[in-house]
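First up is the structure itself, then whatever we jot down about it.
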Amino acid sequence: MSKFKDIIQSEEELEQLAGRPGELANNKVIAALDHNCRRFIALSPLVFISTSDAGGRCDCSPRGDAPGFAYILDDQHLILPERPGNRRYDSLRNLLTNPHIGLIFVIPGLEETLRINGRGYVIRDKDLMEQMSAQGKVPAAGIGIEVEECYIHCAKALKRSKLWQPDSWPSRESLPDPASIIAEHAGRLRLSTREVRASLTESYEKRLY
């Protein structure tokens, strides 16, 4: 039984609650990577990508590297290199059955973000992979994206979160310990926090590229 009792189920209800978008919001979407989008992507070291499988189960995953790591082919196509990770390949597996993809590019210090929607494909074109080599390593695969929508997302979320304001950040001593969280979540493996931390450190130091 759902814990939620008052669920909006139609666009009419939603618009009655929140209103309709203004003219600027309705007209800011473009269908190609213009010079503004290209400059934004060239300065971005981090992008969040959302995908879902054929059944609609969703996933959101970050991709990051030196600014401009996303390779732009032309006005309609860009590529994200697939650097070494945990080998779960959640995003890639989703794209095999459902090509729809959404991206949010972030630039440190800038509160507006760039949103891109389109269709994504797992690719391994050798000539393209070589264009995205880093630290002497050529990615084995990448995500090729056919662009359908591009637009700037307003800064309200980042302003409210104060993400780029260091004086709002929690102290390092108060931060969660990822190693202990993983050890607890993967409890059936009976790994200690120390063992998990050592594994993470090795991965970060030796398998970043």
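The values are calculated or read from the model by the stated rules, or taken from the named source; none is laboratory data. Source: prediction; values computed, not measured. With ideal geometry, Cβ positions are generated from the backbone for all residues, glycine too; neighbour counts draw on all protein chains shown. Side chains are part of the model used for accessible areas, which takes the heavy atoms of the whole protein and leaves out ligands, DNA and RNA. Shrake-Rupley method; radii C 1.70, N 1.55, O 1.52, S 1.80 Å.
Given only helices, namely DSSP H runs of n ≥ 4 each adding -39500 (n - 2.57), what is the per-residue ellipticity at 222 nm of the chain, to the nearest 500 deg cm²/dmol?
Details: 8 runs with 64 residues, N = 209.
Mean residue ellipticity at 222 nm (helix-derived): -8000 deg cm²/dmol.
Using square roots of five times the C-alpha gyration tensor eigenvalues, list the equivalent-ellipsoid semi-axes of the range 1-108 in whole Å, biggest first.
Values for the range 1-108, descending: 29, 23, 13 Å.
At R0 = 30 Å, how high is the FRET efficiency between His185 and His35 if r is their beta carbon distance? Nearest 0.05 is fine. Don't skip to the answer; put the middle values down first.
Details: r = 44 Å, r/R0 = 1.48.
Efficiency, rounded to the nearest 0.05: 0.10.
If the label point is 7 Å along Cα→Cβ of Ser203, which residues in the range 136-180 have backbone nitrogen under 13 Å from it?
Inside the label zone: 178-180.
If the only charges are +1 at each Lys and Arg Cβ and -1 at each Asp and Glu Cβ, what is the size of the charge dipole of the chain around the Cα centre, to the nearest 20 debye?
Numbers: 28 positive and 29 negative charges, 177 e Å.
The calculated dipole for the chain is roughly 860 debye.
At 0.36 nm per residue, minus the direct Cα-Cα distance, what do Ile8 and Arg20 gain on full extension? Give it in nm, one decimal, please.
Details: separation 12, 0.36 × 12 = 4.32 nm, distance 1.55 nm.
Value of the extension gain: 2.8 nm.
Which log10 I(q)/I(0) values, to two decimals, does the range 98-200 give at q = 0.14, 0.18, 0.24 Å⁻¹ under the Debye formula with one point per Cα?
At q = 0.14, 0.18, 0.24 Å⁻¹ the computed log10 ratios are -1.01, -1.03, -1.03.
Considering only protein heavy atoms and a probe of 1.4 Å, how much of the accessible area of the chain is carbon and sulfur, as a whole percent?
Values: 7790 of 14730 Å².
For the chain, the apolar C and S fraction of the accessible surface comes to 53 percent.
With a 1.4 Å probe and all protein chains left in place, how much accessible area per residue does the chain have, in Å²? Mind dumping the intermediate values first?
Numbers: 14730 Å² over 209 residues.
For the chain, the per-residue accessible area is 70 Å².
Please give the length that would be gained between Thr193 and Tyr89 if that part of the chain were fully extended, namely 0.36 nm times their separation in residues minus their C-alpha to C-alpha distance (nm, one decimal).
Working: separation 104, 0.36 × 104 = 37.44 nm, distance 2.45 nm.
That works out to 35.0 nm of additional length.
In the set (i) 19.2; (ii) 19.9; (iii) 18.7, which value of Kirkwood radius over Cα pairs in Å was calculated from the structure you see?
(ii)
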